């Protein structure tokens, strides 16, 4: 009963906070099990995200533009020839997951969370601790009362190499330490949120970049047995 009440309260907090439409930037640092730092800076405005790769992650792309309302993800490479591969994230992520095109990738991972009763103040923000567990890992996580629609953002960050398995609704994570039950190794996340005005231009593909519509190939090859390999070749995750 206590678990249900906590989960219900966490949902209400997330819904209430997201209605305030966070605008600004997120600095995400993901240290994987091998100790490599994968970092990105994310501009956020309503349901649009511009993700700039800083270190690590998928080196094929320099940036991503994600419209969670249209479900459209644009993967941008500034290497010659400059290209932006554009596709419906739901369709492509489903193909990746069902055909195991990226090891261990899942759109949503089943897990439970419960409060520990601990809080702390970091840069005037009150952080609340929760314990998270699944069949494959355990994690200690700290979050604040705000939200940045993480339910949509996390699968994008995960497939791009900037996030581990942790995911609890729209919880606005600040710090996470995850322990893999199989490998007994740990990975960690740190997210810094900064409120600021964001220009709409940030979410537009720059001029001079060739657009590649992966949706067209998916529709044309929908019944082909080669569809997974075509998707992987073009998406490149």
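In this structure, does residue 207 turn out to be farther than 20 Å from residue 45 by Cα and either surrounded by fewer than 13 Cβ atoms within 10 Å (Cβ to Cβ) or in contact with a strand residue (DSSP E or B) (Cβ under 8 Å, 6 or more places away or on another chain) (or both)? Against the criterion (farther than 20 Å from residue 45 by Cα and either surrounded by fewer than 13 Cβ atoms within 10 Å (Cβ to Cβ) or in contact with a strand residue (DSSP E or B) (Cβ under 8 Å, 6 or more places away or on another chain) (or both)), residue 207 qualifies.
Conditions tested, residue by residue: (1) farther than 14 Å from residue 42 by Cβ; (2) crowded, with 21+ Cβ neighbours inside 10 Å.
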site	(1), (2)
142	yes, yes
159	yes, yes
164	yes, yes
169	yes, no
172	no, yes
178	yes, yes
183	yes, no
190	no, no
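The set of residues in the stretch 111-124 that are over 19 Å from residue 183 (Cα atoms) and either part of a loop (DSSP other than H, G, I, E, B) or touching a residue at least 60 places away in the same chain (Cβ under 8 Å) (or both) comprises 112, 113, 114, 115, 123, 124. Consider residue 103 carefully, then state whether it is assigned to a loop (DSSP other than H, G, I, E, B) and closer than 25 Å to residue 203 by Cα. Criteria not met by residue 103.
Might you let me know whether the stretch 124-133 holds any residue that is over 13 Å from residue 30 (Cα atoms), under 18 Å from the mean Cα position of the chain (by Cα) and either surrounded by 15 or more Cβ atoms within 10 Å (Cβ to Cβ) or at pLDDT below 95 (or both)?
yes
The values are calculated or read from the model by the stated rules, or taken from the named source; none is laboratory data. Please read all numbers here as calculations on a predicted model, not as lab measurements. Every residue, glycine as well, gets a Cβ built from its backbone with ideal geometry; the counts of neighbours run over all protein chains shown.
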